[in-house]
Amino acid sequence: MATSSNFSTSNQYIKYRIVVTENSYSIENNTSSVTVKVDAWRTNTGYTTSGTGTCYCTINGTKYSQSISDSQKITHNSHTVLFNRTVTIPHNADGSKTIAVSAYISHSRFTSNSQGFNVKLTTIPRQANITAAPDFYDTD
């Protein structure tokens, strides 16, 4: 799992971060299954932020969005999940892959700029080509 820095929003008491989890990889397909979450929380106690909006997240060059509902309440250290998606990431020919992940929030009570980080995924081992061994035994 890789976690970004804590990013600021237009509300000085609301922060957000991006959490990237590599679930598994496929040697045969040269891909990884990756889950990306964006969560937000308040740094001060005694207040709750709710409202509607959209969380936008760009994963490996593809932009996704997820609606935020009024029931997703942001409180002190709540780490309320505003975005959650699992995607399949193709790797390079040598099995390596580093992805760029960024996110921004457009909420009725606050907004943020797009901020992100890079995540190095597991280098997938190359699939071995197995050939039949020659038959050294004469069965005649």
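The values are calculated or read from the model by the stated rules, or taken from the named source; none is laboratory data. Small disclaimer: the values here were computed from a predicted structure and weren't measured. All Cβ positions, even for glycine, are placed from backbone atoms using ideal geometry, and neighbour counts span all protein chains on display. SASA here: full protein model, heavy atoms, side chains in, ligands and nucleic acids out. Shrake-Rupley method; radii C 1.70, N 1.55, O 1.52, S 1.80 Å.
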Rounded to whole Hz, the Karplus (6.51, -1.76, 1.60) HN-Hα couplings of segment 88-96, x for glycine and proline: 9, 10, x, 9, 5, 4, 8, x, 7
Radius 14 Å from Cβ of ILE74, net charge of other residues (Lys, Arg +1; Asp, Glu -1): +3
Solvent-accessible heavy-atom area per residue, rounded to whole Å², over the chain at 1.4 Å: 58
For ASP39, net neighbour charge (Lys/Arg +1, Asp/Glu -1) across residues whose Cβ lies under 10 Å away: +3
Total lysine pairs whose alpha carbons fall under 15 Å of each other in the chain (8 or more apart, or interchain): 4
Distant-in-sequence amide H partners of TYR47 (H built 1.01 Å from N, under 5 Å): HIS76
ASP94 accessible area, 1.4 Å probe, all protein chains in place, Å² to nearest 10: 100
Segment 1-54 and segment 56-110: distance between their alpha carbon centers, rounded to Å: 6
For peptides 30-37, 104-111, 42-49, sequence by mean Cβ density within 10 Å, most packed first: 30-37, 104-111, 42-49
Apportionment of accessible area to carbon and sulfur, the chain, percent (1.4 Å): 44
Of (1) 15.8; (2) 16.7; (3) 17.0, the label for Kirkwood radius over Cα pairs in Å derived from the coordinates: (3)
